[in-house]
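Scroll down for the structure; my scribbles are underneath it.
The values are calculated or read from the model by the stated rules, or taken from the named source; none is laboratory data. Predicted model, so just to flag it, every value in this text is computed and none were measured. Neighbour counts are summed over all protein chains in view; Cβ atoms, including those assigned to glycine, are modelled from backbone coordinates with ideal geometry. Quick note on the areas: whole protein, heavy atoms, side chains included, nothing else; ligands and nucleic acids left out. Shrake-Rupley method; radii C 1.70, N 1.55, O 1.52, S 1.80 Å.
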Amino acid sequence: MTRQQAAAAIALGLLASPLHAQQKFSSRTLAVRVDVLVTDGRNPVAGLTAADFELRDNGVLQKIDLADPAGVPVNAVLALDTSGSLEGKRQADLVRAAEALLDDLTPADRAALTTFSHVVQPKIALTGDLPAVRAALDGIQPEGQTSVMDGAFVALASTLNQPGRFLIVICTDGSDTSSWLQPHEVLEIAKRTNAVVYPVTSADAKRSDALKQLAEATGGQMMPVKSSDELRGTFQRILSEFRSRYVLAYSPDGVPLGGFHRIEVTVPHRRVTVKARPGYVGTTEGGRLP
């Protein structure tokens, strides 16, 4: 079996996994959790309650619970481009940006680090030991080509079957030149996780449509930057925006459990913008959601 075949086999195995999204926000177990960003212009809207939202699963109105996002720890997964083009100042700026994000985490939060060039390396698994993540950042040695989709896949796979809220920051300065996996394979695993993906890319990077699709599929947002000087502020804004999101949770009612579920989240009677993942893949294992 070639290395490419092995990667494809891993992809197929993970894509067969159902969405695992259980989290207790009240006295009952809720099967699906959705991170929702509500903005008025560019400003997040605070102070909303569950009664302010409407959520439809495959067109059927659902009863939702709302968890205080401040009470739900953040799992921040950094997926960083370490190809040869990141040498010198770009590398230093990238490390400083990642460290700034770590600085803004709380003691209850966790972090993980994956790097990708022509080789993807899961450097640090999800941990509360942030000094270990910092040490790994300091050890980055840029070289080789760029496997953006492979790096994104490994970062997403690390969130499967894990509790908590996941923020994935994928940072690359260029185009994908050496991934084994196709964008559609990575997009499929994104539909099976609770992660919200924020790609940070060079403003002049080509062929970034795949990352844009990942952001849209998870309710995240593309964050283009003109130079590496902007990375630190961008990473900090991403974490701040993620913390401002509402966490809606519900047990699907009146809809088949399996297949792809389209989600629509609105805030009726308010002139606001609502951003959330457009759907998820359910399961019929045992006749119940996991």
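Here are some notes:
- If you go through segment 93-115 and keep only what is part of a helix (DSSP H, G or I) and touching a residue at least 24 places away in the same chain (Cβ under 8 Å), you end up with Asp93, Leu94, Val95, Arg96, Ala97, Ala98, Glu99, Ala100, Leu101, Leu102.
- Test: residue in segment 236-250 that is free of Cβ contacts under 8 Å to residues at least 40 places away in the same chain and either open to solvent by less than 70 Å² (accessible area, probe 1.4 Å) or under 22 Å from Glu188 (Cβ atoms) (or both): no
- Exactly one residue among Leu130, Leu78, Leu137 is open to solvent by 10 Å² or more (accessible area, probe 1.4 Å) and either more than 30 Å from Asp253 (Cα to Cα) or touching a Pro at 6+ places or on another chain (Cβ under 8 Å) (or both), and that residue is Leu130.
- Among the residues of segment 212-226, the ones that are in contact (Cβ under 8 Å) with a residue 40 or more places away in the chain, open to solvent by less than 70 Å² (accessible area, probe 1.4 Å) and assigned to a helix (DSSP H, G or I) come to 3 in all.
- Leu14 being outside any strand (DSSP E or B) and modelled with pLDDT of 50 or more: no
- Condition check for Gln141: in a loop (DSSP other than H, G, I, E, B), within 23 Å of Val186 (Cβ to Cβ) and in contact (Cβ under 8 Å) with a residue 12 or more places away in the chain: no
- Single residue of Asp209, Asp229 found to be over 20 Å from Gly84 (Cα atoms) and open to solvent by 50 Å² or more (accessible area, probe 1.4 Å): Asp209
- The single condition among (1) within 30 Å of Glu185 (Cβ to Cβ); (2) out of contact with any strand residue (DSSP E or B) (no Cβ under 7 Å at 6 or more places or on another chain) that Asn58 does not meet is (2).
- Note on segment 107-121: residues that are open to solvent by less than 50 Å² (accessible area, probe 1.4 Å) and of a type outside the set (A, V, I, L, M, F, W, C) amount to 4.
- Pick from segment 188-204, criterion touching a residue at least 24 places away in the same chain (Cβ under 8 Å) and in a loop (DSSP other than H, G, I, E, B), ranking: nearest to Thr234 (Cα to Cα): Ala195
- Residue pairs whose Cβ atoms lie under 6 Å apart, separated by 6 or more positions or on different chains, with the first residue in segment 160-176 and open to solvent by less than 10 Å² (accessible area, probe 1.4 Å) and the second among the hydroxyl-bearing types (Ser, Thr, Tyr), are Phe166/Thr159; Val169/Tyr198; Thr172/Thr201.
- Scan segment 183-193 for residues that are under 12 Å from Leu211 (Cα atoms) and open to solvent by 10 Å² or more (accessible area, probe 1.4 Å) and the total you get is 3.
- Long-range neighbours under 7 Å by Cβ, at least six apart or interchain, first residue of a type in the set (Lys, Arg) and open to solvent by 50 Å² or more (accessible area, probe 1.4 Å) within segment 41-65, second in a loop (DSSP other than H, G, I, E, B) and at pLDDT below 95: Lys63/Asp253
- Among the candidates Val255, Val196, residue that is open to solvent by less than 40 Å² (accessible area, probe 1.4 Å), modelled with pLDDT of 95 or more and among the hydrophobic types (A, V, I, L, M, F, W, C): Val196
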